[in-house]
Structure formats: structure tokens, C-alpha cells
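The values are calculated or read from the model by the stated rules, or taken from the named source; none is laboratory data. The shown structure was predicted, so the numbers you read here are calculated from the model rather than taken from an experiment. Cβ: placed from backbone, ideal geometry, glycine included. Neighbour counts: every protein chain shown.
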């Protein structure tokens, strides 16, 4: 039994290392041209679509960054999704700069709130390309131009970007959730990595080829489902030279940054886990096993240390714990280079946090309700 357990732990770490290195090789950016460097071309128009709910504090800086964009054919539309603070007033202050305000409505029956907001925004948009942007995602003046150029040069139909973290040693960074780390490791055609913070798609592809957002009205992460459908058309993730869907790790080359409160990250992760459990309850046991295999080396190392049992088992568990910490540090060295060494040390606590989030999501799914962005989610209605 012990040999089987040791084998499972070793295979788990080997799988993590292999899949992460494969994803980093695929999704790291090599070169992105500026608009000026790309030469003369007939540029498509782009619509920046921002759904906002209770974003009074962050709204102003978000719109200032978008309006500073150097992309010449741009419209900006912001939907206030029934905020209970002064988000709508902040949006309307930018009317003189051409920002269009859209008042949100109660989601139709059978729609998730954010998906309904996406659909309303896409209906209001006139751009050839639709850029969906979260308020807590930061961009630089050349970001949109670089994304458009990348899509044109690579004949891409949809592009999403994993933001960098350039902020200081905040709690929200040190104990960031593992969503994107897990997405890179588990990347496959049926579940390609995607970013809800910033993603761009050809409007014709979304509205005509894919049937519009109505087709994704109950998707936990509609951008992930759209990415999956496009990846399925390509027939693969890693072997296609110019796929219809592309995911990029920013590394400060596109100028995409991210800043989200720790509590908001936890709530979002709980929501995503709970809704995924609702749709696929069979994932509960495999996910618990995965988290268990991650946690066991750390727990057994501590137990054997306290018992002063420094036999071969202790050194095996210590080595496996160190390997999993190094794998995570390899990921954070790409997305948050200044703090990779801290992420190495804190990984045991981060994986405990992620396990607790998952257990909490199971409870909320079967025994209670959940509040997300001030809106109650009653799982019995789904």
C-alpha cells in the first residue's frame, strides 16, 4: 500500500511538471508587434465591453486606462449590472469622452448574471472585434493595438490573456487562488486555459458561427466554453500552428496587469467551483484526491519531523513537497517575477487555502446559498 501511495505522489508531481512546462512552452509570448511596427493595414474596429457591478472605487482608473489607448478605431461601452453603490455615476462622468453607459436589467430566466451582461454588451457593440474587460484588469496604451495585431498576424478568432502581477507583496498576491495555475496544468481540448479578465473575439464568429452568447447563457465561465468550442474545431491545443483560439501569458509584453482583492478572489473561486460541481458532480472525488495527493507530503513531513522519525519515508515526503513547491515557483516566476521565492515558501498554505475553498463550495452547493458581488446565488434554482 505504501509503495502504491509513493508511486501516486511521484506520478502526480511528474504530471504537474510535464503539463506546466508544456503549457509554458505553448503560451508564453515570443513577439508582439506595436501598431506602428506592423505597417499600414486596414484595421478592424474594436469595442471595449466592460460589465461592472459595485465597482465604484475601481471604475474611474479602469476607464482612464482604456481611454488612454492608442488604438484609432475604438468604442467603449460599460454596463452597470444593477450596482448598489455609485458605479453608474462614475461611468456617466466619462460621457464627454465618448463612453456609452448601458443600464443593466434583471437577468432573464435561465441566464447567469454575468452572461446576461455579456450578451447585452455584445448586442450594443458595433465593432468588428469585441474586447471583454473586467474592471480589475489593467491595460496600457498599446495593449489593445498589440492584441489586434496579434489576432491579425496569427489569423486568430479569439484571444485571451493571463495578466501579469506587478504589484507589491500584498496579501491578495501572496495568497492568490490557484485558478490559472490549475488551468495551465489541466489544459486540454475539452478544457483550454482562458482568462475572464480580458478576452477578445471576432464578432461574426461569436454571433453567427457560435450562435451568440445565448448558447452559453448558463456557462460558469462563458469565455472558457467559447474557447473550448473553437479549440475543438482546431482538433488540438498544442500541435496547431495558427489555431482559432489562442491563450497568452502576458509577462509584461502586452501590458496587461491584474489587481483583485483577496476576498473577491475567494468569492469568485467559490462560485466557480460550486457551479462546476452543480453541472458535473462527478468531479468532487477526483478533485479531492488531487488535493489530497498535494497535501499529503507536507502533512507527513511535519508529522515525521515532530515524531523525530528521520527515516527514508521522511526524506521521500520532504523531497516530494519540495518538488511541488518548485513547480509552483516556476509558474509564479513567470506571472509575478519579483515574488517567486515567497510563493515557493507559501505554497503549502496556498494549497490548503484552495482545498478549503473547494470544501466550502461543496457545502454551499448542497446545503446553502452563496453571495457573489452582492447577488445571492440559490443553487436549487438551477
Item checked: Matching residues, region 230-249, being closer than 24 Å to residue 269 by Cβ, at pLDDT 85 or above and touching a helix residue (DSSP H, G or I) at 6+ places or on another chain (Cβ under 9 Å) -> 245, 247, 248, 249
Next item on the list: Evaluate region 86-102: report whether one residue or more is under 22 Å from the mean Cα position of the chain (by Cα), farther than 21 Å from residue 275 by Cβ and at pLDDT below 95.
Entry: no
Next item on the list: Go through (1) under 20 Å from residue 177 (Cα atoms); (2) at pLDDT below 90; (3) more than 22 Å from the chain's Cα centre (by Cα) one by one and return the number of the condition residue 366 breaks.
Entry: (1)
Check: Which of (1) modelled with pLDDT of 85 or more; (2) touching a helix residue (DSSP H, G or I) at 6+ places or on another chain (Cβ under 7 Å); (3) assigned by TED's automatic domain parsing to the domain that holds residue 165; (4) buried (at least 17 other Cβ atoms within 10 Å of the Cβ) does residue 298 not meet, given it meets every other one?
Finding: (3)
Note to self: Is it the case, given these coordinates, that residue 357 is exposed (fewer than 13 other Cβ atoms within 10 Å of the Cβ) and in a helix (DSSP H, G or I)?
What the structure shows: no
Checklist line | Selection from region 51-64 of residues that are touching a helix residue (DSSP H, G or I) at 6+ places or on another chain (Cβ under 8 Å) and within 16 Å of residue 131 (Cβ to Cβ) | finding: 51, 52, 63
Next item on the list: Please indicate, with yes or no, whether at least one residue in region 14-25 is in a strand (DSSP E or B) and either within 23 Å of the chain's Cα centre (by Cα) or in the same structural domain as residue 157 (by TED's automatic domain parsing) (or both).
Entry: no
Note to self: Can you find, within region 28-64, the residue that is surrounded by the most Cβ atoms within 10 Å (Cβ to Cβ) among those that are modelled with pLDDT under 90 and in a helix (DSSP H, G or I)?
What the structure shows: 58
Check: Any idea which residue in region 65-85 is modelled with the lowest pLDDT, counting only those that are farther than 21 Å from residue 130 by Cβ and surrounded by fewer than 16 Cβ atoms within 10 Å (Cβ to Cβ)?
Finding: 84
